[in-house]
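Visitor: Dumping the structure here so I can ask a few things about it.
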Amino acid sequence: MNTPVESTNTSNWPLNREGVRFITPAFMVGQLAQHPMTEGLYPTAMGYYPQASGHRMQRQQHRDYLLIYCIEGMGTLMCDDKNYRVTQGDIVILDRDRPHAYKADAKSPWTIYWLHFNGRLAGDFYRHIQASSPILHIGVQPRVVRVFDGLSELRRSAYRMEEFIQGCHQLQAMLSYLALLARQQRPQSGKGLDWERLRATMQERVHGQLNLEELAASVNLSKYHFIKKFKSWSGQSPIQYFINTKIQRACYLLDSSSKSVKQVAAAVGYDDPYYFSRLFKKIMGMSPSEYRDNRRG
């Protein structure tokens with residue numbers, strides 16, 4: 001790696017008219033680290049570099065976690081003694097104290113959003129994403145772009161805590177969403193499964209029973225391996241996921257129709273309304289009748 005051409009904190013890439021660079025000042029970081037609504041997760045720097053020709057960075061240590069979201073063009077990440085190509089729709093996710101370098105492509109320089117973040121829960125959110133590689137391909141997601149744009153507005157906040165509280169919660173929502181996208185994308189490599197089709201199949205059969213052998217056979221897996229893969233993806237067994245799908249459907253019917261509890265039970269595949277009520281209460285913490293009576297606006 002070449003000698004760094006930038007500071008060890010943020011880039012000194014010369015901003016153009018559309019570019020954004022905002023560093024949370026030290027006094028504000030101190031307040032965010034102490035405030036009960038922000039101490040878990042807060043941004044320390046952020047920016048937007050359009051067509052960032054000549055942009056490059058190298059760090060041996062970094063005190064914050066780092067996101068780089070490429071929405072156009074290309075770049076290269078160097079870490080763990082490997083070179084990674086970064087292209088449109090890729091997001092770079094790096095934990096702190098991980099030596100790294102990156103640069104825009106010379107011929108097609110990237111357009112990126114970038115964000116440094118920290119906090120008591122920062123490591124937990126990083127691990128929740130469970131990225132097996134520092135590069136996660138999520139495509140150009142308008143929802144993620146909106147959060148980056150929203151966070152960049154903190155540069156106009158005059159350091160008002162109220163606006164930073166909102167920004168911190170936007171950041172938390174975005175990292176949670178990235179974790180969800182990571183789980184959805186992971187099965188696409190190798191012998192992945194069509195999870196959306198499996199979910200749709202369960203929705204279609206919500207009024208009946210689930211045949212695990214048939215479902216496993218539809219994706220060319222044994223029942224054992226199907227259950228194992230499904231739990232790895234969802235955190236639940238297929239049966240529990242299916243039951244939760246039924247209860248969610250039952251909640252919708254209780255909210256949106258005048259069906260009796262017996263009719264709702266039948267609509268989600270339970271002939272015994274008493275068994276259905278016990279199962280509903282176990283999951284929801286209240287009986288179907290109590291749920292209907294306690295609807296909140």
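Only the coordinates and a few stated rules stand behind these numbers; no lab work does. Everything numeric in this text was worked out from a predicted model, so none of it was measured. Neighbour counts run over all protein chains shown; Cβ positions are idealised from the backbone, glycine included.
Visitor: Return the lysines within reach of K229: Cα separation strictly under 16 angstrom, same-chain partners fewer than 8 residues apart disregarded; answer none if there are no such residues.
Guide: Excluding near neighbours in sequence, the set is K191.
Visitor: Quick one: putting +1 on the C-beta of Lys and Arg, -1 on the C-beta of Asp and Glu, what dipole do you get for the chain around its Cα centre, in Debye to the nearest 20?
Guide: Computed charge dipole of the chain: roughly 480 debye.
Visitor: Which ³J(HN,Hα) values, rounded to whole Hz and listed in residue order, are derived for the range 201-210 from phi using the Karplus coefficients 6.51, -1.76 and 1.60 in 6.51 cos²θ - 1.76 cosθ + 1.60 with θ = phi - 60°, glycine and proline given as x?
Guide: 4, 5, 4, 5, 9, 4, 8, x, 10, 9
Visitor: Between the range 77-140 and the range 258-280, how many Å separate their Cα centres?
Guide: Computed from Cα coordinates, the inter-centre distance equals 48 Å.
Visitor: Quick check: Cα centre of the range 233-249 to Cα centre of the range 15-76, how many Å?
Guide: Each part's Cα centre sits 38 Å from the other's.
Visitor: Based on the Cβ-Cβ distance from R127 to K107, what FRET efficiency comes out when R0 is 25 Å, to the nearest 0.05? Let's see the in-between values first.
Guide: Working: r = 36 Å, r/R0 = 1.44.
According to the calculation, E is roughly 0.10.
Visitor: Next question, about the same structure. Of L210, S237, S258, which is farthest towards the positive pole of the range 210-276's charge dipole, taken about the Cα centre with +1 and -1 on the beta-carbons of Lys, Arg and Asp, Glu respectively?
Guide: With unit charges placed on the Cβ atoms, the residue in question is S237.
Visitor: Based solely on its DSSP helices, what 222 nm [θ] is calculated for the chain when runs of n ≥ 4 H residues each add -39,500 (n - 2.57) and the sum is averaged over all residues, nearest 500 deg cm²/dmol?
Guide: -13000 deg cm²/dmol
Visitor: Might you report the magnitude of the Cβ-based charge dipole of the range 139-184 about its Cα centre, with Lys and Arg at +1 and Asp and Glu at -1, to the nearest 20 debye?
Guide: Dipole about the Cα centre, nearest 20: 120 debye.
Visitor: Using the basic label-point model (7 angstrom from Cα toward the beta carbon), what is the H225 to N244 distance in nanometres?
Guide: Once both label points are built, they end up 2.5 nm from each other.
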